[in-house]
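Below: the structure, in structure tokens.
What follows is calculated from the coordinates using simple rules that are stated; it is not laboratory data. All figures in this text were calculated on a predicted structure; none of them were measured in a lab. Ideal geometry is used to build each Cβ from the backbone, glycine not excepted, and the neighbour counts take in all protein chains shown.
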Amino acid sequence: MSSAEVVITGVGTLCPAGIGREAVEESLRAGRSGIGPLTFFDPSGLPVRVAGEVKGFDAKKFVKPRKNLKVMARDSQLGVAASVLACEDAGISLGDVAPERFGVVLGADSIGSTLEASEASYRECIVDGVFRFERWAKEGAAASFPLNFLKVLPNMIASHISIAHDARGPNNTIHQGELSSLQALAEAVSVIQRGAADVMLAGGASSQMNPFDWVRHCLIGKLSPSCESPEEVLRPFDLHRSGQVHSEGATVLVLERKEHAASRGANPMAQIVGQATVYGSQRKGDSGLHSLIDAMKRALSEAALSGNDVGHVNAHGLSTTADDPLEAAAIRTILRDVPVTAPKSYFGNLGAAAGATEILASLLAIRDGVIPMTLNYAHPDPECAINVVAGAPQEGRLRSAVAINATPAGQATAMVLSAPS
């Protein structure tokens, strides 16, 4: 492994807070939520009717040739669009990077088939008004669109992105829940540091607006049932939080070897200086507390930084009664009173796209010295005794950050970013 420094030179994003880096940054500065009523389908029979949707998205503006849309799920469409915006933001055009030195690592969730795509298969399994499960594998499968399988493979997002940019270097997909996009960034850093690429497109894409998935999430019971004032539903670390909100979106970052960025006159936004992933502690009753602690410790150690060197924490901030106190305890243990911001309060839980999208808040703080506030934090919870940035953005802090994500299984990833050296 070389000591190559890896910098972020471009960001492309589509999320409930806006389309494009500048639009999302404006929402973060203004304290404007992107959460609203669920409109993808009629949710009137469900207990959860609030979501984070990407408004005004037209895939035809980003996907070329348009015929590719036939084999692209919405997740892939969002991912390709984010990659196009990222390359535009970084000033990279097709042919600017040697194809064999240009790679892709994307985080992805399970991609569900749509109701429309599944209708014919379900109808083939209904006999005399009764659904016959034994017909699903043969008659049901035979009725499905032949290329539908290509739409729902998680690795297709990275594949479509590599084709769009003629990126023939290392290509990988990370499928690890909310950790996926932070792990994708970490893997991309490793690829560059081991000399296998000069430029990597890394991040995540996910659309959790599928009605099949929505019913499953409702049954799990971690989504907020609150439906009034959707923009106020998410309350990370607040005493009156009632659960998380699921969303959709994609964010792709352009990561470059520092020397390569300099050779083409690029202006880095930030540098990734440390990362660590810790897989679920087996301690009874731990629920991931020690994983979060260990991940932050290891990431800071790799970055050769202490808690006193950190400007803010970019928190996971699910807004659930069970998860927030555990995360707060971990932050308190490692970073004490370091300011904490929870970007999910702006756009919800983006699943595999979560960490990469949340990093926009830290990039804004590192570049401009402005830490976005956490929305809807009005009643401090004694069980979440951390320094939450609330009421207004906070200015003048050190330009470095620790970003953390976790999964319900107790796995955790931490990443340290700093201003370019």
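For the reader, a short list of remarks on this structure follows.
- Gap separating the Cα centres of region 171-229 and region 262-339, nearest whole Å: 17 Å
- The alpha carbons of region 274-418 occupy a box of 41, 35, 28 Å along the principal axes, longest dimension given first.
- The residues neighbouring residue 303, those whose beta-carbon lies less than 14 Å from its own, together hold a net charge of 0 under the Lys/Arg +1, Asp/Glu -1 convention.
- Length-normalised contact order for the chain - Cα pairs under 8 Å, 6+ apart - percent: 23 percent
- Among 404, 272, 126, the residue with the largest mean-square fluctuation in a Gaussian network model of the chain, with springs joining Cα atoms closer than 10 Å, is 126.
- Formal net charge of residues neighbouring residue 36 (Cβ-Cβ distance under 13 Å; K, R +1; D, E -1): -2
- Global form of the chain, assessed from the alpha-carbon gyration tensor, a/c cut-off 1.5: oblate
- The chain: antiparallel DSSP beta bridges as a percent of all, rounded to 5: 70 percent
- For region 233-238, backbone phi angles converted through the Karplus equation (6.51, -1.76, 1.60; θ = phi - 60°) give residue-by-residue couplings of 5, 6, 9, x, 6, 7 Hz, Gly and Pro being listed as x.
- Local electrostatic count, residue 414, Cβ distance below 14 Å [Lys/Arg +1, Asp/Glu -1]: -3
- Residue with peak Gaussian network fluctuation, the chain [Cα springs, cutoff 10 Å], from 401, 98, 188: 98
- Residue of 334, 174, 366 that the Gaussian network model of the chain assigns the largest fluctuation, springs spanning Cα pairs under 10 Å: 334
- Fewest-first ranking of 153, 375, 234, using other Cβ atoms within 10 Å as the exposure measure: 153, 375, 234
- Between the C-alpha center of region 23-44 and that of region 95-141 there is a gap of 28 Å.
- Residue pairs exceeding 19 angstrom between C-alpha atoms, taken from 67/151; 61/344; 258/297; 64/258: 61/344; 258/297; 64/258.
- Rounded, prolate or oblate (a/c below 1.5 giving rounded, otherwise prolate when a/b exceeds b/c) for region 344-401 by Cα gyration tensor: oblate
- For the peptides 194-203, 388-397, the ranking by mean Cβ contacts within 10 Å, running from highest to lowest, is 194-203, 388-397.
- MRE, 222 nm, helices only [DSSP H, n ≥ 4, -39500 (n - 2.57), over the chain, to nearest 500]: -9000 deg cm²/dmol
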